[in-house]
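Comments concern the structure below.
The values are calculated or read from the model by the stated rules, or taken from the named source; none is laboratory data. Predicted model, so just to flag it, every value in this text is computed and none were measured. With ideal geometry, Cβ positions are generated from the backbone for all residues, glycine too; neighbour counts draw on all protein chains shown.
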Amino acid sequence: MNIDLHIHSTASDGSLSPIEILNLAIDLNLGAIAITDHDTIDGSRDAVCHGIPPSLEFLTGVEISADPPPSFPFSGSMHILGYAIDLDNSLLNKTLLLLQESRKHRNPRILELLSNLGIELTLDEVRNEAGECQLGRPHIAQHMITKGFVKSMEEAFKKYLGTGKPAYVDKYRVGCAKAIEIIIDAGGIPVLAHPYLLPIKNEKRLEALVITLKEMGLKGLETYYPEHSPRLISQYNEMANRHNLLITGGTDFHGSIKPEIKMGSGTGDLYIPYQLYENLMSSLERTTDGTN
């Protein structure tokens, strides 16, 4: 059975609601999924409140935007996935609220910079098209497409919204040590998301970063990912095994926001084995009974 442990819903920047995600996972015969919205657990909470189908295993999740360690400086976010988290954890909820407020304050500034470039959009327009969700750059990009300013999401980010581009606005992030601490405090498993997307292409340098994060409490590495070639997956798996880290994988599914990425299979050839979910569960059980 295939699994998908990196899925975004309408609670952040995906196009499908948590309930639609559950139904699609059943249709695709997936064995296990996790909803990992950006800086919010509302998607996981909605899925749990709705009720998880008995034929589907489900992990609560989140993807936290974090600053890299001081010894590995780079612009933009490092993403830390958290699995099997307690949705009622006080520290987790307080921290995510701060991150969500940061996103809200960022959007008007992005629109102001776009306006200076001759791209006139209003927050109400973006909101009306996006619906009830946590607005972010993908929603602004989508409205730029709708109004004909760009032809694709890729063009919007490459020309305007990406890191270092004319309408890019930085945001508040927690430190990566804090992000890992928050996930552990909520009873969860912290995992470094999509290492290939980090601006660290030297293998030894990346491994040094992974070692630093493990010292902070990191428990896993997302090795199966649509942009990871078979060679990279093998390389990352070996790295995870060398450092006794759990191996996870997911498609980073966003629905129509990234239409080329399909839940459970990425661009069509990604297979994420069910055994990885079982390994995560075994790790949680060992932690619970004190043998970890």
Which of the following residues is among the small types (Gly, Ala, Ser) and under 18 Å from GLU238 (Cα atoms): ALA167, ALA177, ALA208? ALA208
Does the stretch 56-82 hold any residues that are at pLDDT 95 or above and assigned to a loop (DSSP other than H, G, I, E, B), and which are they? LEU56
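To keep it simple, each residue is scored yes or no on (1) assigned to a helix (DSSP H, G or I); (2) without any contact (Cβ under 8 Å) to a residue 24 or more places away in the chain; (3) within 18 Å of the chain's Cα centre (by Cα).
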residue	(1), (2), (3)
ALA167	no, no, no
ILE200	no, no, no
ILE211	yes, no, no
SER234	yes, yes, no
ASN244	no, yes, no
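Quick one: which of SER65, SER55 is within 17 Å of GLU278 (Cα to Cα) and either surrounded by fewer than 20 Cβ atoms within 10 Å (Cβ to Cβ) or assigned by TED's automatic domain parsing to the domain that holds ILE272 (or both)? Even if it seems obvious, please write down each step before you answer.
Numbers: SER65 fails: within 17 Å of GLU278 (Cα to Cα).
Testing whether each residue is within 17 Å of GLU278 (Cα to Cα) and either surrounded by fewer than 20 Cβ atoms within 10 Å (Cβ to Cβ) or assigned by TED's automatic domain parsing to the domain that holds ILE272 (or both) leaves just SER55.
Yes/no per residue for (1) out of contact with any Phe, Trp or Tyr (no Cβ under 9 Å at 6 or more places or on another chain); (2) within 30 Å of ALA130 (Cα to Cα); (3) buried (at least 18 other Cβ atoms within 10 Å of the Cβ); (4) without any contact (Cβ under 8 Å) to a residue 24 or more places away in the chain:
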site: GLY175; (1), (2), (3), (4): yes, yes, no, no
site: ALA179; (1), (2), (3), (4): yes, yes, yes, no
site: ILE183; (1), (2), (3), (4): no, yes, yes, no
site: GLY217; (1), (2), (3), (4): yes, no, no, no
site: TYR224; (1), (2), (3), (4): no, yes, yes, no
site: MET239; (1), (2), (3), (4): yes, no, yes, no
site: THR251; (1), (2), (3), (4): no, yes, yes, no
site: GLY255; (1), (2), (3), (4): yes, yes, yes, no
site: GLY266; (1), (2), (3), (4): no, yes, yes, no
Looking at the stretch 40-63, can you tell me whether even one residue there is of a type outside the set (Phe, Trp, Tyr) and in contact with a His (Cβ under 7 Å, 6 or more places away or on another chain)? yes
So, LEU197, is that one in contact with a Leu (Cβ under 8 Å, 6 or more places away or on another chain) and closer than 29 Å to ILE85 by Cβ or not? no
On the given criteria, is HIS194 over 16 Å from the mean Cα position of the chain (by Cα) and surrounded by 17 or more Cβ atoms within 10 Å (Cβ to Cβ)? no
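Return the only residue of ILE85, ILE119, ILE110 being crowded, with 17+ Cβ neighbours inside 10 Å, in a loop (DSSP other than H, G, I, E, B), more than 21 Å from the chain's Cα centre (by Cα) and aliphatic (A, V, I, L, M).
The conditions single out ILE119.
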Search result, residues across the stretch 46-66 that are touching a Pro at 6+ places or on another chain (Cβ under 8 Å) and charged (D, E, K, R): ASP46
Selection within the stretch 132-155 - among the β-branched types (Val, Ile, Thr) and either modelled with pLDDT under 90 or in a helix (DSSP H, G or I) (or both): ILE140, ILE145, THR146
Being under 22 Å from LEU276 (Cβ atoms) and free of Cβ contacts under 8 Å to residues at least 24 places away in the same chain, is that true of even one residue in the stretch 79-87? no
One residue from LEU22, LEU16 being touching a strand residue (DSSP E or B) at 6+ places or on another chain (Cβ under 9 Å), among the aliphatic types (A, V, I, L, M), within 22 Å of GLY188 (Cβ to Cβ) and in contact (Cβ under 8 Å) with a residue 12 or more places away in the chain: LEU22
